[in-house]
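Asker: Next up is a structure, given as structure tokens.
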Amino acid sequence: MIMPIGSGATARLLYRHKAWRSRNLALALLLPGLIAVPLPVSFAQTAPVVPANRLVDILAPRPAKASRVDLDILFEVNKSTVTTAAKVQMRELGNALTSKKLSTIKFEVVGHTDASGGAKANKILSLKRAKEVRQYLIRNFGITPKRLRASGRGEEQLKDTLRPGHRLNRRVEIITLRAKSAQLPAGKMKQSLSDVLGSD
């Protein structure tokens with residue numbers, strides 16, 4: 001038998017189960033569709049591989065500032081060996097650096113670590129990682145060694161500051177080195193100026 005909603009027994013029953021209902025049934029009764037919606041992922045574990053043609057555009061020299069890209073060339077903890085998964089990104093990088101647009105430009109390969117070790121040890125480890133990537137590019141893509149300079153920053157520039165020990169911090173950054181502008185000797189400059197203006 002269903003009691004009228006205004007009866008005392010029904011009121012007491014609703015009061016007795018108020019906390020339970022609000023905690024367990026409110027969403028199910030009022031917003032049933034909400035239960036089926038998955039929660040968003042708070043942080044992506046790995047970034048997509050950046051293709052070679054995109055890297056060419058990013059690393060192309062610019063007059064205002066140095067071009068750079070932070071790639072997820074990941075390493076295991078306390079190791080300088082490139083992971084198998086990271087070689088996919090390294091192949092794209094090698095194809096970009098040997099492209100016609102970038103084939104004569106010099107780059108700096110910068111290694112980074114997480115903050116799980118000592119600062120001095122991390123500095124050394126980051127340099128080893130940068131050298132490992134440099135050697136991979138030279139060995140597999142025939143890049144002239146003088147085009148690539150390796151350096152290590154250790155834990156100085158964490159990619160994920162909220163999780164200093166996370167694997168995303170163990171990465172490699174590629175920076176385009178700006179070419180030094182060639183300056184003509186004073187005599188040559190005067191000669192060039194006279195050529196432009198014409199002589200009497």
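Asker: Would you mind finding the one in T161, T98 that is open to solvent by 30 Å² or more (accessible area, probe 1.4 Å), out of contact with any Pro (no Cβ under 7 Å at 6 or more places or on another chain) and at pLDDT 95 or above?
Answerer: T98
Asker: Moving to a separate point now. For the range 130-158: of the residues being open to solvent by 60 Å² or more (accessible area, probe 1.4 Å) and of a type in the set (D, E), which is nearest to T104 (Cα to Cα)?
Answerer: E132
Asker: Filter the range 164-180 down to the residues that are in contact (Cβ under 8 Å) with a residue 12 or more places away in the chain and either assigned to a strand (DSSP E or B) or over 16 Å from E76 (Cα atoms) (or both) and list them by number.
Answerer: Scanning the range 164-180 gives V172, E173, I174, I175, T176, L177, R178, A179.
Asker: Let me ask you something else. Being part of a helix (DSSP H, G or I) and of a type in the set (D, E) is true for just one of D70, D57. Which residue is that?
Answerer: Checking each option against the conditions leaves just D57.
Asker: Continuing with the same structure: Determine, yes or no, whether G198 is among the small types (G, A, S), at pLDDT below 95, under 22 Å from A66 (Cβ atoms) and open to solvent by less than 70 Å² (accessible area, probe 1.4 Å).
Answerer: no
Asker: Further question: Step by step: first the residues of the range 101-124, then only those that are open to solvent by less than 40 Å² (accessible area, probe 1.4 Å) and charged (D, E, K, R), then the one that is modelled with the lowest pLDDT. Which residue is that?
Answerer: That would be D114.
Asker: Also: Kindly check whether there is at least one residue in the range 149-160 that is more than 18 Å from the chain's Cα centre (by Cα) and more than 20 Å from N78 (Cβ to Cβ).
Answerer: yes
Asker: Same structure, new question: Of the numbered conditions (1) open to solvent by 10 Å² or more (accessible area, probe 1.4 Å); (2) at pLDDT 95 or above; (3) closer than 18 Å to A52 by Cα, L127 fails exactly one; give the number of that condition.
Answerer: (3)
Asker: Let me ask another. Considering only residues that are open to solvent by less than 20 Å² (accessible area, probe 1.4 Å), more than 18 Å from K159 (Cα to Cα) and touching a helix residue (DSSP H, G or I) at 6+ places or on another chain (Cβ under 9 Å), which ones fall in the range 57-81?
Answerer: L59
The values are calculated or read from the model by the stated rules, or taken from the named source; none is laboratory data. Remember, predicted model here, so these are calculated numbers, not experimental data. Heads up, the Cβs are rebuilt from the backbone with ideal geometry, glycines too, and the neighbour counts pull from every protein chain shown. Note: accessible area is taken over every heavy atom of the protein model, side chains too, but ligands, DNA and RNA are not part of it. Shrake-Rupley method; radii C 1.70, N 1.55, O 1.52, S 1.80 Å.
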